[in-house]
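J.: Below is one structure. I have some questions about it.
Bear in mind these aren't lab numbers, they're just calculated from the coordinates by the rules spelled out. These figures come from a predicted structure and were not determined experimentally. Here the Cβ positions follow ideal geometry from the backbone for every residue, glycine too, while neighbour counts run over all protein chains shown.
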Amino acid sequence: MVKLPIRLLAVDIDGTLLNPQFQISDADLAALRRAHECDVEIVLVTGRRHTFALPIAQMLGFDLWLISSNGAITRSLQGETFHRDLLPADTCRNLCAVMREFRGNTVLTFDNESKGAIVLEHMNELGGSIQRWLEKNMNCI
């Protein structure tokens, strides 16, 4: 039997890498650093926006790729874009119209880091479980 070396490790951030306190445990951090030292490519994967995931990626202390925005964006920590798969505007408009009867609120995100990068349909209906997210992203809403 041939034992192939592990060449890539893709790790989800929320609910996997981060503990309930939104921190990376010392054991997980050490394991990822050891894997990196053994030439295993580490990739973080998240539904978060790239900028919102950067602080977690930077905690690892080495260069890596970050797949963010539910797979729509792949960038290095230095901001080099490898992949962008943006939803065409017409498709987005059609989807929002079709989903109107099923949703309570629409949140649209755009691949930029300025006011308007996040568009909320109704801010007055938001709160509770996403209050922390709102606070962290207010400069882009």
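J.: In nanometres, what is the gap between the two model label sites at residue 77 and residue 114, each 7 Å from Cα along Cα-to-Cβ?
T.: 2.8
J.: What ranking do 3, 115 get, fewest neighbouring Cβ atoms within 10 angstrom at the top?
T.: By the 10 Å Cβ count, ascending, the order reads 3, 115.
J.: Cut-off 10 angstrom, C-alpha nodes, Gaussian network model of the chain. Which of 68, 114, 76 fluctuates the most?
T.: For the chain, modelled as a Gaussian network with Cα springs under 10 Å, the answer is 114.
J.: Also: Shape call for the chain from the C-alpha gyration tensor, a ≥ b ≥ c root eigenvalues: rounded (a/c under 1.5), prolate (a/b greater than b/c) or oblate?
T.: prolate
J.: Same structure, new question: If you build a Gaussian network model of the chain, linking Cα atoms that sit under 10 Å apart, which residue out of 112, 19, 94 swings the most?
T.: Fluctuation is largest for 94.
J.: Build a GNM of the chain with springs between Cα atoms under 10 Å: which of 51, 91, 81 gets the top mean-square fluctuation?
T.: 91
J.: Express as a percent, rounded to the nearest 5, the fraction of DSSP beta bridges in the chain (both residues included) that run antiparallel.
T.: Beta bridges within the chain, antiparallel portion: roughly 60 percent.
J.: Could you work out the relative contact order of the chain? I mean the mean sequence separation of Cα pairs under 8 Å and 6+ apart, divided by the number of residues, in percent.
T.: 14
J.: Among all stretches of the chain without exposed GluC sites (Glu not before Pro) (DSSP loop, at most 16 other Cβ atoms within 10 Å), which one is longest?
T.: 1-79
J.: Please compute the length gained on full extension between residue 9 and residue 133, using 0.36 nm multiplied by the number of residues separating them and subtracting their Cα-Cα distance.
T.: 41.9 nm
J.: Which of 140, 96, 38 has the fewest other C-beta atoms within 10 Å, and how do the rest follow up to the most?
T.: The order, fewest Cβ neighbours first, is 38, 96, 140.
J.: Now for a different question. Report the label-to-label distance for residue 59 and residue 100 in nanometres (one decimal), using points 7 Å from each Cα along the Cα→Cβ vector.
T.: According to this spin-label approximation, the distance is 4.2 nm.
J.: Next question. Taking a ≥ b ≥ c as the square roots of the Cα gyration tensor eigenvalues, with a/c under 1.5 meaning rounded and otherwise prolate when a/b beats b/c, else oblate, which class fits the range 8-84?
T.: Oblate, since a/c reaches 1.5 and b/c is not below a/b.
J.: I want to check the label-to-label distance for residue 122 and residue 1. Put each point 7 Å from Cα in the C-beta direction and report it in nm to one decimal.
T.: With each label placed 7 Å out from Cα toward Cβ, I get 5.7 nm.
J.: Compute the relative contact order of the range 8-84 as a whole-number percentage, counting only Cα pairs closer than 8 Å that sit 6 or more residues apart in sequence.
T.: The value is 25 percent.
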